[in-house]
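Data first, discussion second: the structure below is written as structure tokens.
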Amino acid sequence: MGCWLRLLLFGGVSLRGGGGASVPLGGSRVLVCRRQLSGADSETLKQRRTQIMSRGLPKQKPIEGVKQVIVVASGKGGVGKSTTAVNLALALAANDSSKAVGLLDVDVYGPSIPKMMNLKGNPELSQSNLMRPLLNYGIACMSMGFLVEETAPVVWRGLMVMSAIEKLLRQVEWGQLDYLVVDMPPGTGDVQLSVSQNIPISGAVIVSTPQDIALMDARKGAEMFRKVHVPVLGLVQNMSVFQCPKCKHRTHIFGADGARRLARTLDLDVLGDIPLHINIRETSDTGQPIVFSQPESDEAKAYLRIAAEVVKRLPPPLKV
């Protein structure tokens with residue numbers, strides 16, 4: 001793991017999983033002194049703040065070789081966002097075999113892509129010292145889960161997390177990709193803002209169940225992307241209905257059409273409905289995503305339709 005720790009160096013601080021501490025170079029300590037600001041000092045501080053605020057947002061820089069970035073997000077965890085991201089990436093490739101698709105997992109604290117895509121091991125380094133994605137089912141994948149031990153918790157503060165995100169965005173050799181699907185962490189925090197402000201994003205897909213509690217947070221996610229000028233392509237209503245495998249009775253466990261009501265409120269489209277089905281869960285847990293392992297199933301076809309709807313709403317690709 002030595003080379004990966006070196007890759008994740010910033011400002012003299014080493015990022016370590018599993019609760020490793022970060023130690024300032026030379027063992028020096030920072031002393032914080034408190035004093036009352038004089039009038040001149042206060043005015044200087046105000047001028048400094050004004051200068052910082054005037055700089056505005058960081059300039060967006062495309063990921064080399066990537067034509068379009070699609071982020072898959074949710075307001076809260078547990079709504080099937082990662083499952084949607086994996087099957088969306090596979091569906092984009094299945095709908096058009098001429099397209100090259102990548103999958104980036106920026107959920108630093110809870111990476112799911114390695115297990116869902118049945119991938120293990122460390123990325124190789126290219127001659128230019130960039131990480132090469134791992135490949136399975138025709139999809140190039142990169143995740144923090146490849147860089148730390150599977151059972152090791154990532155106990156990092158915000159600065160370390162943001163440095164890791166920067167490396168995942170800028171130090172991966174993707175080659176030429178038509179689509180890069182980004183599995184975002186849940187919520188509307190630092191990672192979402194950093195990704196949105198640093199790379200041009202073609203569109204965001206918001207995943208939610210029909211449950212009111214999930215929809216409240218999904219609305220916040222959609223509004224956040226709008227504030228940072230990222231087009232919201234639409235909502236995916238996950239776990240929309242459960243059909244009993246024996247009697248075929250259909251039950252709306254999490255409520256009926258909640259995402260559709262929210263979409264109308266936000267003037268957005270519902271890209272599609274994904275049922276609550278045991279096959280989706282089992283195939284994800286075994287690293288055989290349903291779009292790949294059961295492409296003729298109704299569940300896989302639902303993802304294929306969602307991928308087609310996403311492509312319809314994308315802006316023209318970047319020239320790379």
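The values are calculated or read from the model by the stated rules, or taken from the named source; none is laboratory data. Because the structure is predicted, anything quoted here is derived from the model rather than measured. Heads up, the Cβs are rebuilt from the backbone with ideal geometry, glycines too, and the neighbour counts pull from every protein chain shown. Each accessible area value is taken on the protein alone, full model and side chains, heavy atoms only, with ligands, DNA and RNA left out. Shrake-Rupley method; radii C 1.70, N 1.55, O 1.52, S 1.80 Å.
Let's see how each residue does on (1) in contact (Cβ under 8 Å) with a residue 24 or more places away in the chain; (2) under 15 Å from Lys81 (Cα atoms); (3) not β-branched (Val, Ile, Thr):
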position	(1), (2), (3)
Phe242	yes, no, yes
Cys247	no, no, yes
Ile253	no, no, no
Ala259	yes, yes, yes
Leu262	yes, no, yes
Asp267	no, no, yes
Ile274	yes, yes, no
Gly287	yes, no, yes
Original post:
Taking the stretch 95-113, which residues are more than 18 Å from Ser163 (Cβ to Cβ) and either hydroxyl-bearing (Ser, Thr, Tyr) or open to solvent by less than 20 Å² (accessible area, probe 1.4 Å) (or both)?
Top reply: Ser97, Ser98, Val101, Gly102, Leu103, Ser112, Ile113
**OP:** Looking for whichever is open to solvent by less than 40 Å² (accessible area, probe 1.4 Å) and either touching a Leu at 6+ places or on another chain (Cβ under 9 Å) or in a strand (DSSP E or B) (or both) here; the options are Ala91, Ala152. Which one fits?
**Re:** Ala91
Original post:
Taking the stated definitions as given, is Ala164 modelled with pLDDT under 90 and either over 30 Å from Asp273 (Cβ atoms) or more than 14 Å from the chain's Cα centre (by Cα) (or both)?
Top reply: yes
**OP:** Check whether at least one residue in the stretch 185-197 is small (Gly, Ala, Ser), open to solvent by less than 20 Å² (accessible area, probe 1.4 Å), in a loop (DSSP other than H, G, I, E, B) and closer than 30 Å to Ser98 by Cα, and report yes or no.
**Re:** no
**OP:** Looking only at the stretch 103-115, decide whether some residue is more than 24 Å from Thr283 (Cα to Cα), touching a strand residue (DSSP E or B) at 6+ places or on another chain (Cβ under 9 Å), assigned to a loop (DSSP other than H, G, I, E, B) and not charged (D, E, K, R).
**Re:** no
